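In what follows, a structure is listed as structure tokens, so that the remarks can point back to it.
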């Protein structure tokens, strides 16, 4: 009798297992069929769907920072001359701004240990408001330099945090699109920030301009306090029950990729600065020079998001190579540019290269590193553009005067080509632990780079 009861129990268990297997098979078949339907040729152009609402808040934050930064970028030299700054001093002023931006990005992970990521985001939002408003009341050049460096430091921290939050919240199958969305703030910030700041300067004064920009910056602490979700506390609690320690090593391949990103950023920054300087040498009007930012921003916006979306399907590495190739093409276009449309073309290629490099290198790092390592690595990726900006500001003026435009742009193109070659030869990805994070699971991704199998 006991045996019959045991047989009935085993028979019921077998039937239940078969039913569960049938259900799982049916669900898998449905997923496969759905996947086939979404792989239609037009599906890759579906750019509007976002993985979650957090990315909207992150894009708003990125756009706010770059609206202020890109809007002020062409105005600050004029403002500094009112305090007696020469062109040499203005060059050093800009180099200091970018150095502050790079230091902010590099210190982000360390500062977040003390304040938490969300607390740090709110802090830099609060710090930036008085710094911007006091800029309009500055009475000496040193005050302008210190306050501007403070704003750019806060911007560097803010953009690095946006990168980290994007890596934590983006869906594993849409990281290219998600990071590309964040980097769309560059062209959109240039277009709308430039228009707003220009209109404020013409219709009001510098004081009113800085007050309005301080009000715009106030969006950041509001988003940080009420919009962002930071799971750091839950990560800390859950990590105490992890079976194995989480791998936080970056690995030698990460540093090689970091050097590649730096090279591409140098080429891009030479092209960005060289566009305005070459047009000035050729006696283009200020409105023509300003039009390059507007036109390139409008043309680059759909291209950047499309490239990010395609990278989710066909791999990051090949589209990073495309981005570096565009940087070389933009620099070579400046060699022969004499007409306005040529400068529009060069500016568009360079801007697409800038956004593609930033977005896809960040997505690639997020694919290949564990959550802990990613939070250390992404701020360094963010810092490469301002570091390259410092190098460019210090050298490009002297180089143009000493050698002329054409050799400088050829060198920029060669630097981009070296980045292409180094990335092409990169075979081993940064180490990725097999230990599954309790807040961000490790998924296999199509990245063109093999993932290390060391635990």
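All of the numbers you see were taken from the coordinates with simple rules; none came from a lab. Predicted model only: the values in this text are computed from it and were never measured. Reconstructed Cβ throughout: ideal geometry from the backbone, glycine too, with neighbour counts over all protein chains shown.
Structure data summary
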{"read-out": "Residue exposure sequence - 78, 201 - by fewest surrounding Cβ within 10 Å", "value": "78, 201"}
{"read-out": "Residues in region 335-364 that a label on residue 282 would reach, taking backbone N under 18 Å of a point 7 Å out along Cα→Cβ", "value": "335-351"}
{"read-out": "Cα gyration tensor category, rounded, prolate or oblate, for region 44-203 with a/c compared to 1.5", "value": "prolate"}
{"read-out": "Added length on full extension, which subtracts the Cα-Cα distance from 0.36 nm per residue, residue 115 to residue 336", "value": "74.5 nm"}
{"read-out": "Three-way shape label, region 282-440, alpha-carbon gyration tensor, a/c 1.5", "value": "prolate"}
{"read-out": "Extension gain from residue 60 to residue 306, taking 0.36 nm per residue of separation minus the Cα-Cα distance", "value": "86.6 nm"}
{"read-out": "Rounded, prolate or oblate (a/c below 1.5 giving rounded, otherwise prolate when a/b exceeds b/c) for region 111-207 by Cα gyration tensor", "value": "oblate"}
{"read-out": "Difference of contour (0.36 nm per residue) and Cα-Cα distance, residue 259 to residue 53", "value": "70.8 nm"}
{"read-out": "Estimated inter-spin distance, residue 83 and residue 172, nm [label 7 Å along Cα→Cβ]", "value": "5.1 nm"}
{"read-out": "Label-point separation, residue 313 to residue 422 (7 Å along Cα→Cβ), nm", "value": "3.2 nm"}
